Amino acid sequence: MMMGQASYMPPAGGNPAVMVVGQQFMAPYPVDLTILRKMMTISEGNFGVTDANGNIMFKVKGKFFSLRDRRILLDAAGNPILTLQQKIISLRRRWEVYRGDSKESKDLLFTVKKSSLLQFKTELDVFLASNTSEHNCDFKIKGSWLERSCTIYVGNTSTVIAQMHRKHSVSSVVLGKDKFAVTVYPHVDYAFIVALVVILEEINADRKDED
C-alpha cells in the first residue's frame, strides 16, 4: 500500500484505475454503496455507509467541539482511515484529507475546494497531494444541490469514475435522514469516493445554512 501518496493510473482498455487511499478499497467490478446521513449522535456518528447487502462498510464521525470542520472516516471495525478537515479561513470552502487520524503534511492525500466562489450548481475541484501547483485539478465533482446528485470525473474530462443520487424513502421523510446511492466504477478507490461525497454534503449543508 502506498503511504502518504495518491495515484491516478491511466485508463487500461478505457477503464481508469484510481487508487488514492489504498488498493484494498478497489474492486474489478462496480461497487454500489448507500450513504445514510444521520442526525449527529455520539454512538453512531453522522454518516453510515453500507454495501449492496446492507453490511456496514464505513462510518463518519465528527470530532467533539469541532463538529463543523472535522470528520473522521472509520472502517467497519472503527479504525480511522481518513481525517477530513475544513480550513476555516477559506473563501472556497477548502477541505484537506489526511491518512488515518493524522493532520501532518506528510500524510496529506488530497484537497477539495469549490471551483468558483459563486455557483448555481455545485462544482468542486480535487487535487492530489503531489499536485502542488493546482493549475489543473486531478478530479472534478459536478452536482445539483437541489436534486442531491453528483458525478465525479477524472480532471476536466468526460471520464466518469462514480455517480451519486438521492434515495427517497419513508424513513428519510419521517426521521429526517438522507440516503444517497453511490455507484463506484470498477478499479476506482471507493474509500476515496465516499470521502468526496461526505465533503460535498458538508459543503451543501453549509450552503443551506447560508440560505
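Listed here are the pairs 61/87; 59/121; 87/142; 103/179; which of them are more than 23 Å apart at the Cα?
Too far apart for the 23 Å limit: 59/121; 103/179.
Evaluate E = 1/(1 + (r/R0)^6) for residue 52 and residue 77, where r is the Cβ-Cβ distance and R0 equals 30 Å; express this FRET efficiency to the nearest 0.05. Write out the running numbers ahead of the final one.
Numbers: r = 20 Å, r/R0 = 0.67.
Approximately 0.90, to the nearest 0.05.
Can you put 135, 187, 165 in order of accessible area, largest first, using a 1.4 Å probe?
135, 165, 187
Run the paramagnetic zone check for residue 142: 7 angstrom along Cα to Cβ, then residues of region 93-113 with backbone nitrogen under 20 Å.
Zone members listed by number: 112-113.
In nm, give the distance between the simple-model label positions of residue 204 and residue 160, each being 7 Å from the Cα along the Cα-to-Cβ direction.
Those two pseudo-labels are separated by 1.6 nm.
Full-extension gain between residue 101 and residue 121, please, as 0.36 nm times their residue separation minus the C-alpha to C-alpha distance.
In short, 4.0 nm is gained.
The values are calculated or read from the model by the stated rules, or taken from the named source; none is laboratory data. Just so you know, these numbers come straight off a predicted model, no measurement behind them. Cβ: placed from backbone, ideal geometry, glycine included. Neighbour counts: every protein chain shown. What goes into the accessible areas is simple: the full protein's heavy atoms, side chains included, and nothing from ligands, DNA or RNA. Shrake-Rupley method; radii C 1.70, N 1.55, O 1.52, S 1.80 Å.
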